[in-house]
Structure formats: structure tokens, C-alpha cells
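Engineer: Let me begin by handing over the structure; questions about it come next.
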Amino acid sequence: MSFTFSDENLKQIEELKKRYPSVEALNLPLLWMAQYQDGFISLDAIDEISKITTIPPMEVYRVATFYTMFKLEKPKKLLVSVCKTLSCKLCGSDEILEHLKTKDVEIEHVECLGSCGTSPVMQIEDIYYEELTPTKVDEILKELS
Ligand code: FES
């Protein structure tokens with residue numbers, strides 16, 4: 001399986017090259033682009049980023065594995081990231097997690113999503129779902145199916 005950035009992404013990359021002072025600074029946005037394009041970051045995408053940035057593939061890989069928001073495997077099911085940090089825990093994230101375990105989704109525990117005032121919170125792709133209850137989770141998953 002090979003990876004090539006889409007024409008639109010290649011245009012964006014050319015714009016980013018003008019904006020960033022070093023190739024190292026391009027690494028993160030290119031990893032994001034690869035993930036948005038395919039839903040995960042393949043080893044072929046890492047090789048492609050390495051070619052574009054001239055950063056060694058192992059260094060690109062090291063950055064990709066450091067940040068938990070980068071996915072190096074395609075999720076098999078809908079990936080639901082549930083905040084497990086204090087505010088969410090105090091407001092019922094354990095109940096949300098237990099409820100989600102009964103659903104056909106892949107659950108990921110994450111640290112504070114930065115939306116503590118609307119706890120408990122979960123994230124699916126780029127969307128935050130806040131002030132969750134089991135009923136609200138059901139409605140969200142039904143809407144997404
Ligand atoms: S503790 Fe959950 S969003 Fe901050």
C-alpha cells in the first residue's frame with residue numbers, strides 16, 4: 001500500500017513550506033494531513049512525509065508515536081475518546097464508559113480534553129460531545145450510524 005498526499009494537500013504543503021522556518025516544523029501539520037486523508041498514519045505516509053521534509057523516517061515516526069492523538073492503525077470501529085480526568089470523572093465519566101462498553105465502538109481513554117466545564121466529555125473525530133448522559137450517548141451514536 002502506498003501513500004500519496006491528495007492534490008489539495010500538496011498545494012497546502014507548498015503554502016506551509018513558505019510559512020514555516022524549518023522542515024522540522026512541517027512534521028506535525030503533515031502528520032495531521034496524512035491522518036485526515038486516510039483516517040490514520042501509515043508507514044508509507046511516514047515515508048512520504050520524510051521525503052517531503054527530508055527528516056529521517058525514524059524521526060517522523062518518533063514524533064507520530066509520541067502524540068497519542070496520532071493513530072498509526074486504522075480504527076476498526078468508530079473511535080470514541082472519553083476523557084478520564086478529574087472533572088469528567090467527578091461528573092460521571094465512569095458511567096459513560098460503562099455504557100459505551102455495551103456499544104459497538106472502540107473506546108479510547110484520554111486525558112483532559114480541555115472542556116472541563118461541560119464534563120463529562122467525549123470526542124469522536126474532531127467533534128466534542130459534552131454534558132454526556134447515557135441517553136445522550138445513545139442519541140449521538142444513533143445519529144452517527
Ligand atoms: S477533565 Fe474532562 S475535559 Fe477536562
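Engineer: From the set of residues in segment 117-145 that are part of a helix (DSSP H, G or I) and within 11 Å of the ligand (Cβ to nearest atom), which is surrounded by the fewest Cβ atoms within 10 Å (Cβ to Cβ)?
Structural biologist: GLY117
Engineer: Shifting gears a bit: Could you list all residues from segment 3-23 that are open to solvent by 50 Å² or more (accessible area, probe 1.4 Å) and of a type in the set (A, V, I, L, M, F, W, C)?
Structural biologist: Selection gives LEU10, VAL23.
Engineer: Out of curiosity, is GLY114 under 19 Å from the mean Cα position of the chain (by Cα), modelled with pLDDT of 95 or more and surrounded by fewer than 18 Cβ atoms within 10 Å (Cβ to Cβ)?
Structural biologist: For GLY114, the condition - under 19 Å from the mean Cα position of the chain (by Cα), modelled with pLDDT of 95 or more and surrounded by fewer than 18 Cβ atoms within 10 Å (Cβ to Cβ) - is met.
Engineer: Can you give me the number of residues within segment 81-111 that are within 16 Å of the ligand (Cβ to nearest atom), at pLDDT 95 or above and not in a strand (DSSP E or B)?
Structural biologist: Total satisfying the criteria: 14.
Engineer: List the residue pairs whose Cβ atoms are under 6 Å apart, where the first residue sits in segment 37-65 and is in a loop (DSSP other than H, G, I, E, B), the second is exposed (fewer than 14 other Cβ atoms within 10 Å of the Cβ) and basic (Lys, Arg), and the two are 6 or more positions apart or on different chains.
Structural biologist: Every condition considered, the pairs that remain are GLY39/LYS74; PHE40/LYS74.
Engineer: Okay, next question. So if I check each of GLY114, GLY92, which one is at positive phi and in contact with a Leu (Cβ under 8 Å, 6 or more places away or on another chain)?
Structural biologist: Just a single option satisfies the conditions, and that option is GLY92.
Engineer: Give just the number: which of (1) surrounded by fewer than 16 Cβ atoms within 10 Å (Cβ to Cβ); (2) over 28 Å from MET33 (Cα atoms); (3) more than 9 Å from the ligand (Cβ to nearest atom) does LEU78 not satisfy?
Structural biologist: LEU78 satisfies all of (1) surrounded by fewer than 16 Cβ atoms within 10 Å (Cβ to Cβ); (2) over 28 Å from MET33 (Cα atoms); (3) more than 9 Å from the ligand (Cβ to nearest atom) except (2).
The values are calculated or read from the model by the stated rules, or taken from the named source; none is laboratory data. As the structure is a prediction and not an experimental result, all values here were calculated from the model. Cβ sites come from the backbone with ideal geometry, for glycine too, and all protein chains shown count toward neighbours. Heads up: the accessible areas ignore ligands, DNA and RNA and are worked out on the full protein's heavy atoms, side chains in. Shrake-Rupley method; radii C 1.70, N 1.55, O 1.52, S 1.80 Å.
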